[in-house]
Structures are given as structure tokens and as C-alpha cells.
Amino acid sequence: MMKRILLIVLALFYASICLATNQKLVNIKIQGVDCQHCIKDLIANLTKLPNVEKVKFRDETHQVTILMKANKNPDPKLINKAIKNAGYLPEKTTASFLKPSLGKDANKLPTINLKIKNQPCESCHKKK
């Protein structure tokens, strides 16, 4: 229970930092990333993209989170290419960007959602 509370507090803190610096998050759910080597390759490919500040992978949710540099927008085509280079295939790409406002959407973060189809990497494929 304490772990969940701590994770929620950290997520809220992280989101508040992003809002304060006008940064955007890209969340990508990826199934089939089973080994640390695959995760490192995926993170390395995404980190090399222009305007990317930080990339994290969460094992428990199979989700990659990309933090963009301040005032920079993600490029879905480059993200798709980086994912393909890591050995995975995007199924569908959708993008939505919200402009900062004082209305009810003021606390929402702009996001891009990508669904990724599993394509095992060479090293994982050889293990099976």
C-alpha cells in the first residue's frame, strides 16, 4: 500500500514538473519486451531522437515514457522508426496535443499513444 502511495506521489510530482517547464510526455505501451537487452536497445534508440530529454521503461506496465525537451513536440514518424529499429512494429499511431489553458483541461498533459506489435529481437528469438 505504501509503495502505491509513493508511486502516486512521485507521478504527481513528475507531472507537475512537466507542466511547469512546458514539457510533453509520450507514452507507448509495448508487449513482448522480455529481456533487459531489448529494453536497453529500445531506450537507446528513443534517447537518440532529437528533442528527447529522457526515456524510461516500466516493466510492470510494459510502457515506455518519453519526456520531451521544453517547448518541443514529439515526431511520431521518428518515434516509429526508432521502435522499428529496436525490433518492434507499431500497429497504430495517434497524436493529440493540448494547448495550455486556464480551463478544465489545464492540468492535462499532451500525449502521443502508440500501440506496438511484438516482434522479438534476434537474441531473444534465438533463446526460444
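Nothing in this text is a laboratory measurement; each read-out follows from the coordinates by a stated rule. From a predicted model like this one, the values you see are computed outputs, not experimental measurements. Cβ: placed from backbone, ideal geometry, glycine included. Neighbour counts: every protein chain shown.
A protection proxy built from the mean count of other Cβ atoms within 10 Å ranks the segments 77-83, 55-61, most packed first, as 77-83, 55-61.
3J(HN,Hα) along the range 71-76, derived from phi through the Karplus expression 6.51 cos²θ - 1.76 cosθ + 1.60 where θ = phi - 60°, amounts to 6, 10, 9, x, 10, x Hz, with x in place of Gly and Pro.
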